[in-house]
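One structure is given here, and the rest of the page talks about it.
The values are calculated or read from the model by the stated rules, or taken from the named source; none is laboratory data. This structure is a prediction, so every number in the text was calculated from the model and none was measured. Ideal geometry is used to build each Cβ from the backbone, glycine not excepted, and the neighbour counts take in all protein chains shown.
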Amino acid sequence: MSMYCEYYQAQVNVPYTWFIGGLLRSEDNLVFERTLDNNSGTIEFFIPQGLERQFLDLMDCLIRRGYVYSYEKLPNRLQVEQEKDNVF
């Protein structure tokens with residue numbers, strides 16, 4: 001079992017960045033989100049194990065409503081950075 005969360009990045013409709021953040025923060029412990037680049041609307045999401053399906057359902061809803069353009073699952077950048085730091 002990994003101690004790292006699932007990791008996603010999304011391209012969002014920039015005027016709705018704050019709305020998306022507020023919505024996700026209102027869902028206790030569903031996700032930790034952070035804006036990577038406000039100009040391009042790139043947000044990253046860290047999803048605890050066991051909550052990925054709920055997150056995906058919410059993201060699909062946000063896409064249907066035009067708040068999110070796309071999202072993708074990527075390797076958790078924190079885990080990748082730590083592995084780089086541990087290389088001798």
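Per the conditions (1) closer than 17 Å to Val31 by Cα; (2) at pLDDT below 85; (3) part of a loop (DSSP other than H, G, I, E, B), the sole criterion not satisfied by Val87 is (1). When the residues of region 1-14 are filtered to those that are among the aliphatic types (A, V, I, L, M) and outside any loop (DSSP other than H, G, I, E, B), the one that is farthest from Cys61 (Cα to Cα) is Val14.
Condition first: in contact with a Ser or Thr (Cβ under 7 Å, 6 or more places away or on another chain), part of a loop (DSSP other than H, G, I, E, B) and over 18 Å from Gly66 (Cβ atoms). Now tell me which residues in region 26-46 satisfy that.
To start, the set of residues in region 26-46 that are in contact with a Ser or Thr (Cβ under 7 Å, 6 or more places away or on another chain) comprises 35-36, 38, 41, 43.
From what's left, part of a loop (DSSP other than H, G, I, E, B): 38, 41.
The one that is in contact with a Ser or Thr (Cβ under 7 Å, 6 or more places away or on another chain), part of a loop (DSSP other than H, G, I, E, B) and over 18 Å from Gly66 (Cβ atoms): Asn38.
In summary, Thr17 fulfils each of the numbered conditions (1) surrounded by 11 or more Cβ atoms within 10 Å (Cβ to Cβ); (2) modelled with pLDDT under 95; (3) in a helix (DSSP H, G or I); (4) over 13 Å from the mean Cα position of the chain (by Cα) with the single exception of condition (4).
In the set (1) on the phi > 0 side of the Ramachandran plot; (2) in contact with a Leu (Cβ under 9 Å, 6 or more places away or on another chain); (3) modelled with pLDDT of 90 or more, the condition left unmet by Tyr71 is number (1).
List pairs: first in region 43-69 and polar (S, T, N, Q), second exposed (fewer than 12 other Cβ atoms within 10 Å of the Cβ), Cβ under 8 Å, 6+ apart or cross-chain? As it stands, the answer is Gln49/Met1; Gln49/Ser2, since those pairs meet every condition given.
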